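Here's the structure we're looking at; comments come further down.
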């Protein structure tokens, strides 16, 4: 839990300094997504990796003003 708190605090500091931040840990803390972790409890399977990829691509698209397709936008808001 300490790492999650540290990630949150760091994201706040960087946002306050004017940086664009995507805190993936914030989205992946949902217990329903833990099913996509590999047995070692640290790494993510292909579905978890896909979720992270969609988060990064969606964040970059919004940051750069590129329209995100409705079906992807809906998936991102449902996380």
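Quick note: the coordinates plus some simple rules give every number you see, no bench work behind them. Keep in mind that what you see is a predicted model, and the values were worked out from it rather than measured. All Cβ positions, glycine included, derive from the backbone under ideal geometry; neighbour counts span all protein chains shown.
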Euclidean distance of C-alpha centroids, the stretch 24-41 and the stretch 1-18, integer Å: 19 Å
Percent of C-alpha pairs per 5 Å bin, the stretch 36-79, short to long: 5, 22, 25, 20, 12, 9, 5, 1
Read-out Cα extents along the principal axes in Å, derived from the coordinates shown; its label in (i) 38, 32, 16; (ii) 49, 21, 20; (iii) 51, 15, 15: (i)
Gain upon complete extension [residue 54, residue 75; 0.36 nm per residue less C-alpha separation]: 6.7 nm
Residue 35 paired with residue 19, simple spin-label distance in nm, labels 7 Å along Cα-to-beta-carbon: 3.5 nm
Contour excess over end-to-end distance, with Cα ends at residue 44 and residue 27 and 0.36 nm allotted per residue: 4.8 nm
